[in-house]
1. Hey, can you tell me all the residues within the range 22-68 that are over 17 Å from the mean Cα position of the chain (by Cα) and charged (D, E, K, R)?
2. Answer yes or no: is there a residue in the range 261-272 that is out of contact with any strand residue (DSSP E or B) (no Cβ under 6 Å at 6 or more places or on another chain), assigned to a loop (DSSP other than H, G, I, E, B) and either modelled with pLDDT of 80 or more or at negative phi (or both).
3. Is it the case that some residue within the range 129-144 is out of contact with any strand residue (DSSP E or B) (no Cβ under 9 Å at 6 or more places or on another chain), among the hydrophobic types (A, V, I, L, M, F, W, C), assigned to a loop (DSSP other than H, G, I, E, B) and surrounded by 15 or more Cβ atoms within 10 Å (Cβ to Cβ)?
4. Show the residue pairs that are 6+ apart or on different chains and have beta-carbon atoms under 6 Å apart, the first residue being within the range 206-222 and more than 12 Å from Thr151 (Cβ to Cβ) and without any contact (Cβ under 8 Å) to a residue 60 or more places away in the chain, the second being part of a loop (DSSP other than H, G, I, E, B) and aliphatic (A, V, I, L, M).
5. Just give me the residues in the range 195-220 being more than 22 Å from the chain's Cα centre (by Cα) and either in a loop (DSSP other than H, G, I, E, B) or modelled with pLDDT of 95 or more (or both), in sequence order.
6. Hey, can you tell me all the residues within the range 78-128 that are in contact (Cβ under 8 Å) with a residue 12 or more places away in the chain, of a type in the set (Gly, Ala, Ser) and closer than 30 Å to Pro20 by Cβ?
7. Within 19 Å of Thr86 (Cα to Cα), buried (at least 20 other Cβ atoms within 10 Å of the Cβ), in contact with an Asp or Glu (Cβ under 8 Å, 6 or more places away or on another chain) and of a type in the set (D, E, K, R): does that describe Arg53?
8. Determine whether Thr86 is of a type outside the set (A, V, I, L, M, F, W, C) and under 24 Å from Asn148 (Cβ atoms).
Amino acid sequence: MPKTHEAARNPFLVSIARTPDEELAARAQSGDREALELLLTRLQLWIFNLALRMMRLHADAEDATQEILIRAMKALPGFRGDSKFTTWLYRIAANHLINVKKATWKVSDAVCSFERAAEGLRQVPDFDPPDPSTVPVPVEVLIEETRNHCTIGTLLCLDGRQRLVFVLGEVFGVSDQVGAEIVEVSPENFRQILSRARRDLYEYLRGNCSLVNPDSHCKCARKTCAYMMAGFVDAQKLVFTQGHLRSVSDVAGRHADELMEAYLEAGARVYRNHPLYEPAAQAAMLRRVLDAVPLLKVP
């Protein structure tokens, strides 16, 4: 399999150091298996990170990533280069993710309102951090796990389209022009959706999260034991802390369409500093995808 460092580069930033996606796509269309594997390696990591922020659960995000890659492979013979390959691929991903339906929830819907989320957070009791002698990892790791679990879960208070636009525009640094093509709205509409999502999310964080407002009642360290007792954080099976490459901001760069107020900037930093997560078994997933669809050559 191709090296991981190829996958860690933001697909929305142009890099002269690697073979363009469009060239790899053309070679894959001609039956070049190595080019296809490299292309899928580049796609997998970022599609997974988009799916994780849309769905929160790793298992759901891994399933969605595999399904998106299979869809992309099936559609690859029809790619004609009318848009950038990344835009074409993420449009497939966006359309798939926004239409996923789980047993009790549709990804296109918000799980609950910000008001209800704030009420629920206030009911989570405060405790001292775990005793270091009773847990198998440093307490700081468990606090980070709590922080990432909570902030990623908070994204579910946005409806699916807002969540999609927020992750693309705020976390991944996609321009409004490219984001509009992916979501299939006008650039102006993309900016409006992003602005509303930012303000709703960061207003909630300002009122409830000490990462944005130090005076807020909710402190990650004080909530960690409660999250552990509720089963959200498992010291034996870390979900959001272990197995990541680096923070998203390390590779996504910085993009801003407007001068944000201080609390908006603080809120943005919370999400840009999230880890860049890896699927549990990347190589196995790619093998299943490659085996699922025979490579078709373009006539």
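1. Answer for the range 22-68, where residues must be over 17 Å from the mean Cα position of the chain (by Cα) and charged (D, E, K, R): Glu22, Glu23, Arg27, Asp32, Arg33, Glu34, Glu37.
2. Yes, the range 261-272 has at least one match.
3. Within the range 129-144 (the criterion being out of contact with any strand residue (DSSP E or B) (no Cβ under 9 Å at 6 or more places or on another chain), among the hydrophobic types (A, V, I, L, M, F, W, C), assigned to a loop (DSSP other than H, G, I, E, B) and surrounded by 15 or more Cβ atoms within 10 Å (Cβ to Cβ)), the answer is yes, since at least one residue qualifies.
4. Filtered contacts from the range 206-222: no entries.
5. Listed by number, the residues that qualify are Ser210, Asn213, Pro214, Asp215, Ser216, His217, Cys218, Lys219.
6. If the condition is that a residue be in contact (Cβ under 8 Å) with a residue 12 or more places away in the chain, of a type in the set (Gly, Ala, Ser) and closer than 30 Å to Pro20 by Cβ, then Gly81, Ser83, Ala93, Ala94 are the ones that fit.
7. So Arg53 does not fit the description; no.
8. For Thr86, the condition - of a type outside the set (A, V, I, L, M, F, W, C) and under 24 Å from Asn148 (Cβ atoms) - is not met.
The values are calculated or read from the model by the stated rules, or taken from the named source; none is laboratory data. All values derive from a computational prediction rather than experimental measurement. Every residue, glycine as well, gets a Cβ built from its backbone with ideal geometry; the counts of neighbours run over all protein chains shown.
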